[in-house]
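Written below as structure tokens is the structure these notes are about.
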Amino acid sequence: MDNNYSSEFCEGDSTVLFADCNVNFVWSTGSNDDKIKVYEEGWIFLVATNNDGCQAKDSIYITVHNSPVISGIQGSLNPNANTTNTYSIENPNPNSIYIWEISNGVLKTGQNTPQVEIEWSGNDKGKICVFETNKYNCSSENYCVNVDIITATYEIENQSVIIYPNPVSDHLFIYSKDKLQLSRITIVNYFGEKIMSKKLILKHKNSINITDIPSGVYMIYIESNAKKIMKKIIKI
């Protein structure tokens with residue numbers, strides 16, 4: 001066989017093998033062409049026969065490398081505008097390169113690595129995309145997540161809105177002492193991931209069923225006609 005070929009390639013790709021002798025030959029695939037395209041891993045054999053009936057044999061093992069798959073991105077999906085947040089690849093490969101692309105934010109540090117710092121702008125929506133290239137030069141598909149950027153300032157533990165009980169196991173009650181017109185509640189976990197976002201039907205007192213939310217510490221973002229309030233709850 002001609003030495004001008006690659007015996008390794010990434011899944012979904014192929015390689016071309018050439019016969020470099022001007023005689024009759026047959027490949028293990030059954031082809032009699034002077035070249036064949038190979039898509040799968042395994043042994044390839046070539047038998048060449050000259051006009052006197054003498055034969056020569058050659059073989060090569062073709063290796064197909066798996067393309068990497070990104071399983072997820074860790075980090076806040078509800079960051080505050082004009083703040084810097086850290087994002088990282090779940091189960092990263094230490095021998096891979098990660099290329100990040102950011103919408104409505106600035107990549108501050110970490111390009112080519114599995115962990116980056118992103119400063120978000122004042123726009124409502126952002127996006128993080130990343131793809132991985134491993135040591136065999138095989139690349140993953142683009143993995144993207146959308147980000148909801150919080151542009152308004154939330155008042156922490158404002159007493160004009162009461163939530164109870166806390167800790168809570170099933171139903172959480174939200175009550176407006178100052179008769180604020182409540183409009184929406186959003187629950188975010190420790191990693192900044194949005195767990196629930198619900199429009200509040202009643203203006204001053206509502207009940208939210210959080211039975212199915214796992215136990216843990218959560219931040220509650222409450223929107224009203226006059227202000228936005230942030231509180232912390234413990235789900236048991």
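Here are the numbers:
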| item | result |
| --- | --- |
| Any hit, the stretch 45-54, residues being touching a strand residue (DSSP E or B) at 6+ places or on another chain (Cβ under 7 Å), of a type in the set (Val, Ile, Thr) and under 30 Å from residue 149 (Cα atoms) | no |
| All positions within the stretch 196-223 that are aliphatic (A, V, I, L, M) and touching a His at 6+ places or on another chain (Cβ under 8 Å) | 208, 210 |
| The lone exception for residue 82 - which of (1) out of contact with any Cys (no Cβ under 9 Å at 6 or more places or on another chain); (2) surrounded by 13 or more Cβ atoms within 10 Å (Cβ to Cβ); (3) assigned by TED's automatic domain parsing to the domain that holds residue 134 it fails | (2) |
| Set 149, 234: member being within 27 Å of residue 82 (Cβ to Cβ) and in contact (Cβ under 8 Å) with a residue 60 or more places away in the chain | 149 |
| Residue check for residue 135: more than 27 Å from residue 103 (Cα to Cα), assigned to a loop (DSSP other than H, G, I, E, B) and assigned by TED's automatic domain parsing to the domain that holds residue 77 | yes |
| Residues located in the stretch 187-212, provided they are surrounded by 13 or more Cβ atoms within 10 Å (Cβ to Cβ) and within 23 Å of the chain's Cα centre (by Cα) | 187, 188, 189, 192, 193, 194, 195, 196, 197 |
| Residues satisfying the stated conditions in the stretch 73-92, i.e. in a loop (DSSP other than H, G, I, E, B), closer than 27 Å to residue 134 by Cβ and of a type in the set (S, T, N, Q) | 91 |
| Strands (runs of 3 or more DSSP E) contained entirely in the stretch 13-68, each with at least 3 residues that are out of contact with any helix residue (DSSP H, G or I) (no Cβ under 9 Å at 6 or more places or on another chain) and of a type outside the set (Lys, Arg) | 15-18, 24-27, 42-49, 55-65 |
| Hits in the stretch 92-120 - residues which are modelled with pLDDT under 95 and at positive phi | 104 |
| Residue check for residue 99: free of Cβ contacts under 8 Å to residues at least 60 places away in the same chain, touching a Phe, Trp or Tyr at 6+ places or on another chain (Cβ under 9 Å), over 17 Å from residue 133 (Cβ atoms) and aliphatic (A, V, I, L, M) | no |
| Residue in the stretch 139-160 that is in contact with an Asp or Glu (Cβ under 8 Å, 6 or more places away or on another chain), in a loop (DSSP other than H, G, I, E, B), hydrophobic (A, V, I, L, M, F, W, C) and surrounded by 14 or more Cβ atoms within 10 Å (Cβ to Cβ) present | yes |
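Quick grid of which residues meet (1) in the same structural domain as residue 79 (by TED's automatic domain parsing); (2) closer than 16 Å to residue 226 by Cα; (3) β-branched (Val, Ile, Thr):
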residue	(1), (2), (3)
116	yes, no, yes
125	yes, no, no
161	no, yes, yes
166	no, no, no
171	no, no, no
181	no, yes, no
196	no, no, no
203	no, yes, no
206	no, no, no
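Yes/no per residue for (1) free of Cβ contacts under 8 Å to residues at least 40 places away in the same chain; (2) over 23 Å from the mean Cα position of the chain (by Cα); (3) over 30 Å from residue 221 (Cα atoms):
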| site | (1), (2), (3) |
| --- | --- |
| 27 | yes, yes, yes |
| 33 | yes, yes, yes |
| 39 | yes, yes, yes |
| 44 | yes, yes, yes |
| 63 | no, yes, yes |
| 77 | no, no, no |
| 89 | no, no, no |
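The values are calculated or read from the model by the stated rules, or taken from the named source; none is laboratory data. Computed from a predicted model, the values in this text were never measured in an experiment. Note that we place each Cβ from the backbone using ideal geometry, even for glycine, and neighbour counts take in every protein chain shown.
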